[in-house]
Amino acid sequence: MTLNRVFTFMALVGTVFSQTPPGFSPASSVYFPVTYDTSASPSFFVNGGLFSKQVVQHIPDVYIPEDPSFTGKTFLVLMVDPDAPSPQNASLGQILHWLQPGVQVPINTKKVRSSDNSTTYLKLDTTSVRSIAPYRGPAPPSQAPHRYTLMLFLQPNEDFSLPPSFKKYQGGNDRRFFNTTKFIEAAGLGDPIAGNYFLSGVSTDGDGSQVIQDFDGTPSASKTSSAGVFVVQATGSPATTGNSSSPTFPTPTPTETHNGAAKLGGNVFILTAVFSMLYFLI
């Protein structure tokens with residue numbers, strides 16, 4: 001099966017799910033397995049998982065499902081914060097947190113099984129090529145959590161350089177006012193092939209295994225997450241101003257804590273296989 005067909009099937013199945021934040025552009029419906037867990041058998045954070053700021057200060061490990069179509073392909077990882085300086089006042093535009101080209105599946109890569117054993121994930125190498133903007137951990141000034149969005153792109157050429165209009169981001173000294181939509185257009189990247197995001201703020205607490213809805217002041221009792229499977233029971237509402245000194249956040253409900261998000265990703269790729277079979281029967 002060609003790589004283009006794999007991504008086509010992902011898109012067909014992924015219409016059920018939303019992996020990038022609601023309203024964020026560009027959107028991706030395919031789950032991107034990412035973890036800040038450095039253990040031998042790491043847990044992947046759930047889509048929209050809540051983190052303590054301290055937990056996400058080091059470069060995460062990123063994975064991709066095991067598939068021959070990915071062999072020899074080169075990818076690019078992009079991470080942005082669209083909520084600076086606060087979700088209620090994003091006047092600084094998107095903040096560029098990580099821009100890593102030249103990402104590949106190494107020959108002897110680490111393999112991790114999803115919690116339901118339906119999918120094998122391969123660890124991607126994000127260190128062989130120098131980053132354009134080195135990873136910078138979240139440091140949100142607002143009490144309200146920011147949405148840190150990670151996207152995986154298929155890199156069109158083995159060598160990648162910044163478009164002229166984005167040269168100021170080389171080295172990561174200037175990270176403000178990044179525009180993902182304009183960047184992928186200028187770089188010829190196309191839409192992200194996978195995405196994920198997490199929440200983190202000044203007063204948040206968590207390891208990515210929990211999700212919370214509606215940080216805009218709206219109560220979120222008995223709602224279902226954007227992925228359609230992680231239900232959150234909330235008893236309060238967050239502060240509506242970005243710099244409130246006494247925020248009140250909803251209480252998150254734990255999800256499966258070991259490779260919990262991997263189960264969602266596995267289901268997506270099981271359905272992808274079903275569509276694949278149907279495709280060849282038509």
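See the values below:
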item: Sites S41 and I107, calculated FRET efficiency, Cβ-Cβ separation with R0 22 Å, nearest 0.05; result: 0.55
item: Of the trypsin sites (Lys or Arg not before Pro) in segment 86-157, those whose Cβ has at most 16 other Cβ within 10 Å and which sit in DSSP loop; result: K110, R130, R136
item: Formal net charge of residues neighbouring I107 (Cβ-Cβ distance under 15 Å; K, R +1; D, E -1); result: +2
item: Spin-label model distance (nm) - N117 vs K167, 7 Å beyond Cα toward Cβ; result: 5.6 nm
item: Extended-chain gain in nm, criterion 0.36 nm per residue less alpha-carbon gap, A139 and A27; result: 37.9 nm
item: Estimated inter-spin distance, H58 and L92, nm [label 7 Å along Cα→Cβ]; result: 2.5 nm
item: Exposure proxy ranking, count of Cβ atoms within 10 Å, fewest first, for H97, H58, H146; result: H58, H97, H146
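Read-outs throughout are calculated quantities, based only on the coordinates presented, and are distinct from any laboratory measurement. Bear in mind the structure is a predicted one, so any value in this text is a computation, not a measurement. Cβ sites come from the backbone with ideal geometry, for glycine too, and all protein chains shown count toward neighbours.
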